[in-house]
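Peer 1: So that we are looking at the same thing, I have put the structure below in structure tokens.
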Amino acid sequence: MSTSRIVVTGVGASSPIGGTAPESWSALLDGVSGAHTLEYDWVEQYQLPVTFAAEAKVRPDTVLERPVAKRLDPASQFAMVAAMEAWADAGAPEVEPERLGVDFATGIGGVWTLLDAWDTLREKGPRRVLPMTVPMLMPNAAAGNLSLHFGARAFARTVASACASSTESIVNAVEHLRAGLADVVIAGGTESAIHPVTIASFSSMQALSRRNDDPETASRPGSIDRDGFVMGEGAAVFILETEEHARARGAKIYAAVVGGGVTADSYHITANDPEGRGAARAVQLALASAGASPDDVTHINAHATSTPVGDPNEYQALKAVFGDRIDEIPVSATKASTGHLLGGTGALEAFFTVMALQERVAPPTINITTQDPEVPFRLSGEATPLGSGDQLAISNSFGFGGHNAVAAFASV
């Protein structure tokens, strides 16, 4: 296993607050909320108890060529849009197909394709079900289509670890690059699951905010009056390579991915461990693999979904690692702006973490009313300068099934 430093040379994003990576970052700094009332007939038809979500700012089928968009589920469309942006941003690196890999993720996959096909079967019969239904709905569709589009033959792997998925895909990409399995890896995650079935299901679990009258402020991580998360959608993508490879081709470098930790709670299928043992261990593994200590961390992008139970559990997990110093580290809870992209959320928040290091500023956390004394993170409604020295940041992702994934990033 090589100890090569892995760096980010290209970024792409399609999010609820921006159609591109720069637009998403700028809107985050400006305190924009991507949540709004859903204007679809099915909201009233099914009498959904939650009538809002954080839809992507730009629909991916308006960016892709029509023949490409037609053979992709929306989740894969978002992945393709973000990956094309990241690839161009990286300078379209010249790399042998056998040395180019894809590590990609989704939490749910092609839910729109699956459920639309079921409606078609019931209403019109089996002959009307599209032959591309399975290739569009399968969870590995995004990874497979990115492999086809970019000619990646080293591997095309998929992670499906709920809301920890795309952070885990980034950690996997680092391991695959260090193992010498590729020279360049396209890594990230995607989700497009704002659908009546998923909204009804999450709502039945009492996981979603029900602030139908004020969707823009519904996601309020760390606030004492938080009442659940807001569904989001979109994708984010990194182009990752060894530092030697990047410098040899004169690539610009955003930041280094210096460590990662992946653990499991083995506690409950939906609830995280209230003592935060698995989450704490993921942070510790990420720091250990980075050769760093808790004292080196200067910024944290918290998972912070705005649920009554999840936010304090994350605080306790981080306090177990950082002690009282956790109250001094600038923390951003960016789901307040973007909502929760499920399997795509880790990659988007990793992108925000990388930009925070490059621009030396922790993005704001909007919608804080009265901060919960059980979640006393150092959150701010304003962007917070990080200083001019070396910076080390972590980005946390935790998912149903007890999945925990943490990625550590360093300024360059």
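The values are calculated or read from the model by the stated rules, or taken from the named source; none is laboratory data. Remember, it's a predicted structure, so these values are computed and weren't measured experimentally. Virtual Cβ from ideal backbone geometry, glycine too; neighbours counted across all protein chains shown.
Peer 1: Please note which helices (runs of 4 or more DSSP H) are completely contained in the stretch 12-106 and include at least 1 residues that are assigned by TED's automatic domain parsing to the domain that holds Val184, over 22 Å from Ala142 (Cα atoms) and within 18 Å of the chain's Cα centre (by Cα).
Peer 2: 21-29
Peer 1: Do you know which of the residues in the stretch 264-306 that are surrounded by fewer than 23 Cβ atoms within 10 Å (Cβ to Cβ) and polar (S, T, N, Q) is nearest to Arg378 (Cα to Cα)?
Peer 2: In this case the residue turns out to be Thr298.
Peer 1: Of the numbered conditions (1) in contact with an Asp or Glu (Cβ under 8 Å, 6 or more places away or on another chain); (2) surrounded by fewer than 18 Cβ atoms within 10 Å (Cβ to Cβ), Arg59 satisfies every one except a single condition; which is it?
Peer 2: Of (1) in contact with an Asp or Glu (Cβ under 8 Å, 6 or more places away or on another chain); (2) surrounded by fewer than 18 Cβ atoms within 10 Å (Cβ to Cβ), only one is false for Arg59: (1).
Peer 1: Okay, next question. Can you say whether Val309 is hydrophobic (A, V, I, L, M, F, W, C) and either surrounded by fewer than 21 Cβ atoms within 10 Å (Cβ to Cβ) or touching an Asp or Glu at 6+ places or on another chain (Cβ under 7 Å) (or both), as far as the supplied structure shows?
Peer 2: Working: hydrophobic (A, V, I, L, M, F, W, C): yes; either surrounded by fewer than 21 Cβ atoms within 10 Å (Cβ to Cβ) or touching an Asp or Glu at 6+ places or on another chain (Cβ under 7 Å) (or both): yes.
Here the answer is yes, as Val309 does meet what is asked.
Peer 1: If only one of Ser337, Ser332 is touching a strand residue (DSSP E or B) at 6+ places or on another chain (Cβ under 7 Å) and not assigned by TED's automatic domain parsing to the domain that holds Gly189, which one is it?
Peer 2: Ser332
Peer 1: Would you pick out the residues in the stretch 181-206 that are among the aliphatic types (A, V, I, L, M) and either buried (at least 20 other Cβ atoms within 10 Å of the Cβ) or assigned by TED's automatic domain parsing to the domain that holds Phe351 (or both)?
Peer 2: Ala182, Val184, Val185, Ile186, Ala187, Ala193, Ile194, Ile199 - these are the residues of the stretch 181-206 that are among the aliphatic types (A, V, I, L, M) and either buried (at least 20 other Cβ atoms within 10 Å of the Cβ) or assigned by TED's automatic domain parsing to the domain that holds Phe351 (or both).
Peer 1: Restricting attention to the stretch 44-56, report how many residues are among the polar types (S, T, N, Q) and either surrounded by fewer than 17 Cβ atoms within 10 Å (Cβ to Cβ) or in contact with a Lys or Arg (Cβ under 7 Å, 6 or more places away or on another chain) (or both).
Peer 2: Residues flagged as among the polar types (S, T, N, Q) and either surrounded by fewer than 17 Cβ atoms within 10 Å (Cβ to Cβ) or in contact with a Lys or Arg (Cβ under 7 Å, 6 or more places away or on another chain) (or both) within the stretch 44-56 amount to 2.
Peer 1: Looking at (1) of a type outside the set (Ser, Thr, Tyr); (2) more than 18 Å from Ala350 (Cα to Cα); (3) surrounded by fewer than 22 Cβ atoms within 10 Å (Cβ to Cβ), which is the one condition that is false for Asn145?
Peer 2: (3) is the only condition that Asn145 fails.
Peer 1: Let me ask another. What pairs come out if I take residues in the stretch 156-179 that are more than 17 Å from Ala350 (Cα to Cα) and surrounded by 24 or more Cβ atoms within 10 Å (Cβ to Cβ) and pair them with residues that are of a type in the set (Lys, Arg) and at pLDDT 95 or above whose C-beta lies under 7 Å away, six or more apart or interchain?
Peer 2: Sorted first by the residue in the stretch 156-179, then by its partner, the list stays empty.
Peer 1: Is there a residue in the stretch 216-237 that is in a helix (DSSP H, G or I), surrounded by fewer than 23 Cβ atoms within 10 Å (Cβ to Cβ) and touching a residue at least 24 places away in the same chain (Cβ under 8 Å)?
Peer 2: yes
Peer 1: I'd like the full set of residues that are over 17 Å from Ala193 (Cα atoms) and not charged (D, E, K, R), limited to the stretch 108-133.
Peer 2: Thr120, Leu121, Gly125, Pro126, Val129, Leu130, Pro131, Met132
Peer 1: Follow-up question, since we're still on this one. Kindly check whether there is at least one residue in the stretch 29-37 that is surrounded by 23 or more Cβ atoms within 10 Å (Cβ to Cβ) and over 20 Å from Ala410 (Cα atoms). Before you say what the answer is, go through the steps one by one.
Peer 2: Residues of the stretch 29-37 that are surrounded by 23 or more Cβ atoms within 10 Å (Cβ to Cβ), as a first pass: 34-35.
In the following step, the residues that additionally are over 20 Å from Ala410 (Cα atoms) were identified as 34-35.
Yes, the stretch 29-37 contains at least one residue that is surrounded by 23 or more Cβ atoms within 10 Å (Cβ to Cβ) and over 20 Å from Ala410 (Cα atoms).
Peer 1: Follow-up. Do we find a residue being touching a Phe, Trp or Tyr at 6+ places or on another chain (Cβ under 8 Å), in the same structural domain as Phe322 (by TED's automatic domain parsing) and not in a loop (DSSP other than H, G, I, E, B) anywhere in the stretch 377-392?
Peer 2: Within the stretch 377-392 (the criterion being touching a Phe, Trp or Tyr at 6+ places or on another chain (Cβ under 8 Å), in the same structural domain as Phe322 (by TED's automatic domain parsing) and not in a loop (DSSP other than H, G, I, E, B)), the answer is yes, since at least one residue qualifies.
Peer 1: Still on this structure: Here are the criteria: (1) surrounded by fewer than 17 Cβ atoms within 10 Å (Cβ to Cβ); (2) at pLDDT 95 or above; (3) within 19 Å of Val257 (Cα to Cα). Tell me which single one Ser380 does not satisfy.
Peer 2: Against the list (1) surrounded by fewer than 17 Cβ atoms within 10 Å (Cβ to Cβ); (2) at pLDDT 95 or above; (3) within 19 Å of Val257 (Cα to Cα), Ser380 comes up short only on (3).
Peer 1: For the stretch 323-350, enumerate the residues that are buried (at least 21 other Cβ atoms within 10 Å of the Cβ) and among the β-branched types (Val, Ile, Thr).
Peer 2: Of everything in the stretch 323-350, those that are buried (at least 21 other Cβ atoms within 10 Å of the Cβ) and among the β-branched types (Val, Ile, Thr) turn out to be Ile326, Val331, Thr334, Thr338, Thr345.
Peer 1: Tell me, please, whether a residue that is in contact (Cβ under 8 Å) with a residue 60 or more places away in the chain and within 19 Å of the chain's Cα centre (by Cα) can be found in the stretch 111-133.
Peer 2: Among the residues of the stretch 111-133, at least one is in contact (Cβ under 8 Å) with a residue 60 or more places away in the chain and within 19 Å of the chain's Cα centre (by Cα), which makes the answer yes.
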